[in-house]
Amino acid sequence: MQVAGDSEATHPASVVHDRADGPLRTCLASGETRAPDDMIRFVVGPDGRLVPDLARKLPGRGLWVTASRAALERAIARKAFARAARRAVAVDADLPERLERLLRERALDALALARRAGAAVNGFAKVEERLRGARLGLVVCADEAQASDGRGKLAGRGVAVVDFVDAAALGRIFGRDDATYIGIAAGPVARRVAAEMGRWAAYRGAADRPACM
């Protein structure tokens, strides 16, 4: 089924992730229909300002755009939100940049949740050990790992290896100065981390989608 936006009164390198069941949504920028997990939902707030609804829970009619910065900028330039909402819509000038930060923060929050749940390990030796035991569903590498041999040694082991932000940002999750290699146990937690990182990467223009366990 194809729908333009949604009509409910109240409410929800990249990686493959679980797709929510439900109707496809139509992108305001391209007119293409996609699964909700490949898109970003917006609503118009009481003050007439456009608000990103990354959790898909805010009340109001959903306005959907493919999860890419290019699509969002195209929708803004074409005043597609105002046409779809049939009212004046104020769009903050920094919305594309702010949305990228929000997506990054959600991915970091998912990774922190994995740590609190005991599903994440930090350090090359620990990650490699769990890879040998086939206990990981996702490996997250800091940007700095791309210039080292470590990333290559972890890749090609049947588990998705994803590059995500800098070692200092990852280190804060573990209460350390830096963290370069993080392993996430296979299962729902790994899939959630993959989903959030995948949406962040897709927004920034990443194309590859390695599978996550």
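Averaging the Cα positions of each part gives two centres, and for the stretch 26-53 and the stretch 82-103 these lie 9 Å apart.
Rounded, prolate or oblate: pick one for the stretch 98-204, where a ≥ b ≥ c are the square roots of the eigenvalues of its C-alpha gyration tensor, a/c under 1.5 means rounded, and failing that, prolate if a/b is larger than b/c, else oblate. Rounded. Helical runs assigned H by DSSP (4 residues or longer) give the chain a calculated mean residue ellipticity at 222 nm of -11000 deg cm²/dmol, each run adding -39500 (n - 2.57) before division by the residue total. Each Lys and Arg Cβ is given +1 and each Asp and Glu Cβ -1; about its Cα centre, the chain then shows a dipole of about 480 debye.
Distant-in-sequence amide contacts of Met39, defined by a placed amide H-H separation under 5 Å and a gap of 5 or more residues or a different chain, comprise Ala67. Shown for Thr33, Thr26: other C-beta atoms within 10 Å of each C-beta, ranked fewest to most, produce the order Thr33, Thr26. Contact order for the stretch 98-204, expressed relative to its length and based on alpha carbon pairs under 8 Å spaced 6+ residues apart, stands at 40 percent. Computing FRET efficiency as 1/(1 + (r/R0)^6) for Arg83 and Arg157, where r is the C-beta to C-beta distance and R0 is 45 Å, gives about 0.40. Karplus-based coupling profile of the stretch 171-180, in residue order and whole Hz: x, 4, 5, 9, x, 10, 5, 7, 8, 9, with θ = phi - 60° in 6.51 cos²θ - 1.76 cosθ + 1.60 and x standing for Gly or Pro. Of the peptides 186-193, 103-110, 45-52, the ranking by mean beta-carbon count within 10 Å, highest at the top, reads 186-193, 103-110, 45-52.
Which one, (i) 18.4, 57; (ii) 17.6, 52; (iii) 15.8, 46, gives Rg and Dmax of the Cα atoms in Å as derived from the coordinates shown? Answer label, from the structure shown: (i).
Cross-link partners of Lys153 among aspartates and glutamates, defined as those whose alpha carbon lies under 17 angstrom from its own and excluding same-chain residues fewer than eight positions apart: Glu128, Glu129, Asp143, Glu144, Asp163.
Each value in this text was obtained by applying a stated rule to the coordinates, not by laboratory testing. Here the structure is a predicted model, which means the values were calculated and not measured. Because the Cβ atoms are built from the backbone with ideal geometry, glycine has one as well, and the counts that use them run over all protein chains shown.
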